[in-house]
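Values quoted throughout were computed directly from the atomic coordinates according to the rules given, and no laboratory measurement underlies them. Just so it is clear, the model here is predicted, and its values are computed rather than measured. Cβ: placed from backbone, ideal geometry, glycine included. Neighbour counts: every protein chain shown.
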Amino acid sequence: MENYLYKVFEGMDRLSPGSDETSMKAMALFKSEEEPVEILDVGCGKGADTFLLARRFPRARIRAIDINPEYADNICHRAEKYGLSERVAGVCMSMAEMNFEEESFDLIWAQGSIYAMGFKEGLSQWKKYIKSGGYIICSEVVWLADEPSRESVDFWKREYDQIDTIVNKIKQIEEAGYIYQNSFVVKRSDWDENFYNPLMDKIKSFKAENAGNQAAMEAVEMMEKEAVFYDAHAGEYGYAFFSMVKP
């Protein structure tokens, strides 16, 4: 099934809602007095943010990890093409099984990826890899409505039961031993214009090319449902970026 999903995302730079503008805004939350810095991009996908990080921090050394070996290899190929091989490297690795030395990074960046292991688990497990005074900057799905509909509550209970309010996410950050710095809500256009609209076009073409293939249809069914559901409930939930510092 994963191969079908990867095929649907061919030609798309991002594998989750987002934009270069929003990522650059979040990168500005990282305050460092030192250069060069060591950065870990967790769940890098095709590298949309990896190379933004390289541009935003021109002396940084960046390791970008993804569980998909093709994505990790693609990072290496692009780094070589752009003359960045000495600073940027793709590594095939699970975010839940990282084996870096402790206190290796000044910044752990996770755009649209921490949900894969859970917000609390990610903050807990990744903490040892951050230097004292280092940052985690990540995006996380949050409730935007004070009283979300029963349909949304039931949907997210099935999909990701760690969804919560921004206030409660800040509490979780502090309970994990970090110093909360800042947060902002990701704009709606990052979801529809930049992600779901082009994704639905991809799904439409994919279904036409794979007509009669039940496994292929099942692979994209959930993504299609998520896009339709978001369109109906967009004001109730979304992504927020959070920045935090390890004392």
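Using the number of other C-beta atoms within 10 angstrom as an exposure proxy, rank LYS157, LYS7 with the fewest first.
Numbers: LYS157 10, LYS7 16.
With the sparsest Cβ surroundings first, the list reads LYS157, LYS7.
For segment 228-247, list residues with backbone N below 20 Å from a point placed 7 Å from the Cα of ILE179 toward its Cβ? Counting only backbone N, you get 242-247. Helical content alone sets the calculated 222 nm signal of the chain at -12000 deg cm²/dmol, taking -39,500 (n - 2.57) per DSSP H segment of four or more residues and averaging over every residue.
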